[in-house]
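Student: For reference, the structure I am asking about is given below.
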Amino acid sequence: MSEVVSSGETNQSHQDNDNFNFVQLSRSYLSQMRKLARKSPIAHEVLYYLVEHMGRTTNAVICSYTTLCEVTGVSRPTIGRAIKLLKDENWIDAVKVGNANAYCVNERVFWQSGRNQRQYAIFSATVIASASEQDSNFQEKAKHKLTYIPVIGKTDIVITGDDKLPPPDQGDLELL
């Protein structure tokens with residue numbers, strides 16, 4: 001049986017890797033983490049939330065302030081101060097994606113894949129969307145099928161406007 005994990009992947013696809021659900025932590029940062037926990041428990045909580053949900057090879061999460069407010073139970077200005085502190089002290093970096101931020105956790109502190117894989121510059125992220133940020137009827141909209149967009153295959157013949165169809169070839173016919 002496969003179990004869904006936070007990144008949307010299943011544990012079944014990672015059966016060969018017993019360490020899939022582990023996050024590694026550099027011992028050299030433990031004293032700084034204790035200082036962060038004393039200085040700002042909310043920043044510490046936000047950091048651990050991002051680590052909990054970060055991508056396996058990218059350490060990135062896209063998450064709104066609203067979601068972080070809901071998760072921590074604090075106000076938007078408090079989240080803003082926590083994010084600022086985490087950025088100022090190099091625990092995270094923020095990359096703008098339109099109006100959203102992708103939070104990248106410092107890979108020297110936390111990582112999931114082998115250290116020899118950290119040089120890759122592939123950027124993907126776990127995206128966390130809160131129900132409270134969606135349109136009020138988003139659950140009803142989700143039940144409707146999206147408009148079908150046809151895809152033209154290599155063997156398909158494209159007919160536009162008033163073009164006449166060529167006569168069918170016997171190879172095109174499905175004969176029993």
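Student: In nanometres, what is the gap between the two model label sites at Val151 and Ser136, each 7 Å from Cα along Cα-to-Cβ?
Tutor: 3.8 nm
Student: 7 Å from Cα along Cα→Cβ at both Leu25 and Lys164: what's the point-to-point distance in nm?
Tutor: 7.7 nm
The numbers here are math on the coordinates, done by the rules we state, and not lab data. Computed from a predicted model, the values in this text were never measured in an experiment. With ideal geometry, Cβ positions are generated from the backbone for all residues, glycine too; neighbour counts draw on all protein chains shown.
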